[in-house]
Amino acid sequence: MLAQQRQQAILDRVRNSGGVRVADLVREFGVSDMTIRRDLEVLAERGQVAKVHGGATAAGPGSTEEPGFAVKSMRQQPEKEAIARHAARLVRPGTAIALSAGTTTWTLAHFLVDVPDLTVITNSIWIADVFHRSPRADRTVVLTGGVRTPSDALVGPVAVAAIRRLHVDTLFLGVHGMSVRAGFTTPNLLEAETDHELVASAHRLVVLTDHTKWGTVGISTIAELARAHVVITDPGLPDEARDELAAQVGELIIAQPQPENEALIR
């Protein structure tokens, strides 16, 4: 297969599934890792895909575009794990916490499976499944009902009604974007309403967000920047963004990614 043909085939797969992994393409096309990475580089330079850690996703998201969970889970994996490691240090046995739907909060769930006497509220099937696969007699997991979004969040009136009756010590919130003007945002109107209710239920709000979310604005605001007690992000966050966040949130934590061979989730 010629390079141009292979690149078109890769582009077709990105458009059909929303994302591709380098390892999968190496096996499929029978070429080297370096060859696939060069193909992705060419497609990225044309603006046809966006390169991410370990692969590529569709380029050019808008304010209402909502990638699927599998696509988002491929993005910024080392950064998400670093953020999750730091967030896990804020969780104490015997507390009630909420985890909003998202790939960074899903990563956090893996670091919490051994915490004793924990109550977890979530609107994410993926997060509930993490705890289901590592059961503990002293842990309670409450999964809200609701309508499933493209990113596998449970949202809508059923979810809102369930959350409205609950009170938690800490909410760990994943977001689609953040900016000075719009605050923390999502591309899904129903998810914004559900997340807003999660924020209202929590004594403390901890936002988990990698640096790529800065300047991204979803169609609906979940909360203003100043509402966050803690924001945990990674070293890729621009200096001006650090200054803005440091001035508005209670505490800004920069989490340093671990070496790749120490990563938890692959």
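The values are calculated or read from the model by the stated rules, or taken from the named source; none is laboratory data. These numbers come from a predicted model, not from an experiment. Heads up, the Cβs are rebuilt from the backbone with ideal geometry, glycines too, and the neighbour counts pull from every protein chain shown. Surface accessibility is based on the protein's heavy atoms, side chains included, excluding ligands, DNA and RNA. Shrake-Rupley method; radii C 1.70, N 1.55, O 1.52, S 1.80 Å.
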(Q) Condition first: open to solvent by less than 40 Å² (accessible area, probe 1.4 Å) and outside any helix (DSSP H, G or I). Now tell me which residues in segment 245-256 satisfy that. (A) 249, 253, 255
Q) In segment 138-161, how many residues are more than 19 Å from residue 95 (Cα to Cα) and touching a residue at least 12 places away in the same chain (Cβ under 8 Å)? A) 15
Q. For the subset of segment 223-244 comprising residues that are touching a residue at least 60 places away in the same chain (Cβ under 8 Å) and not in a strand (DSSP E or B), which member is nearest to residue 207 (Cα to Cα)?
A. 234
Q. Given the structure, is residue 210 buried (at least 21 other Cβ atoms within 10 Å of the Cβ) and within 20 Å of residue 126 (Cα to Cα)?
A. yes
Q. What number goes with the only condition from (1) crowded, with 21+ Cβ neighbours inside 10 Å; (2) over 25 Å from residue 224 (Cβ atoms) that residue 163 does not pass?
A. (2)
Q.
Name the single residue that is nearest to residue 19 (Cα to Cα) among those in segment 115-160 being open to solvent by 30 Å² or more (accessible area, probe 1.4 Å) and of a type in the set (A, V, I, L, M).
A. 125
**Q.** residue 83 vs. criteria modelled with pLDDT under 95, of a type in the set (A, V, I, L, M), in a helix (DSSP H, G or I) and buried (at least 21 other Cβ atoms within 10 Å of the Cβ)
**A.** no
Q: Working only within segment 86-100, note down all residues that are open to solvent by 10 Å² or more (accessible area, probe 1.4 Å) and in contact with an Asp or Glu (Cβ under 8 Å, 6 or more places away or on another chain).
A: 93, 94, 95, 96
